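What follows is a single structure, written as structure tokens, with notes after it.
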Amino acid sequence: MSSSGLNGPHPHPLPEGEGGHRPLPPGDVDRGGEPTCSPRAATLGRPYGGGEGEGTPLLTVIIPCYDERETILTVFERVRALDIDKEIVVVDNCSTDGTRELVAGLQGQERVRVVLQPRNMGKGTSVRTGIAAATGEFVVCQDADLEYDPSDILRLLEHARTGADAVFGTRLSDATTREGGSRLFSRGRRLVTSWFNLLFGTRLTDVSTCYKLLRRSVIQGIALRSRGFDLDFEIPAKLALRGVRIHEVPISYSPRGFAEGKKINWRDGVRAFWTILKHRVALLPARGAAPTSPPVPRSARDHPLSASGEGDRPKAGG
């Protein structure tokens, strides 16, 4: 996001139309007529590595948030407590319940940056903003509620450091089912994952998981477009198109209900099916050309425990 922060220009500006939007001038509105959340977007805090003697962090944790006043600080503290070399990028998506003020108060903490969006741009845009700002070797998104346990990130990172470019945390492995919650949501997740596997020839168990730990050099090289929850499906689709093998590690999960602030609904499920189909159709050959299949993952021979080959189902405990 090419915005001016309180500490100077954003160190990693986003090109308009790719990963972010230009800040709106004071008093402006978005194209839909929605008033801006604040006169300008702001980026607070310096990037990791800005101080003398500092190097590249091992991990960037992105925390997108919208109206999560009751949980945002708890999640932030749990992420900060992880015993790993990291930076944290918190992106507020124009919260109106006091979350924005709490997030802004995190300014000044070591290796923490805060991005305040000028209007509600969707969760996908917030995650893309964090990805573009990341400086760590690996990048992962942490939801601002308490559904996902940040300690599981360490297990994903441990697997990634064996050489994997993409490690997903699965709630739906054959070894153990940890998803809980509504049967409707459970069936929806499984249907979407089966649809993805059918179209891309993979053997994932949980394509819609929030925990997608990715090598930064890989994800920053992919042009992401989604602005909402459909980013969760654009990312694995484009990884598959590039032959990046996706690994899975079982994680814990404590789902919340709509009364507790859950925001995803059945419309997002429909968008998921469409997003997956749209990116698979991109592989269809032109008329008269030879049929095209998804590329063979380039790390297939190196990582026999990945989620695209035989004998790759994740086991309990790692």
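Annotations for the structure displayed:
- In this structure, the amide hydrogen of residue 87, modeled 1.01 Å from its nitrogen in the peptide plane, lies closer than 5 angstrom to those of 59, 60, 61, counting only residues at least 5 positions away or on a different chain.
- Dipole in debye (nearest 20) - the stretch 80-165, about Cα centre, beta carbon charges: Lys, Arg +1; Asp, Glu -1: 360 debye
- Stokes-Einstein D for the stretch 90-160, Kirkwood Rh over Cα pairs, 25 °C, 0.890 mPa s (µm²/s): 181 µm²/s
Since every read-out is calculated from the coordinates, none of them should be taken as a lab result. Remember, predicted model here, so these are calculated numbers, not experimental data. With ideal geometry, Cβ positions are generated from the backbone for all residues, glycine too; neighbour counts draw on all protein chains shown.
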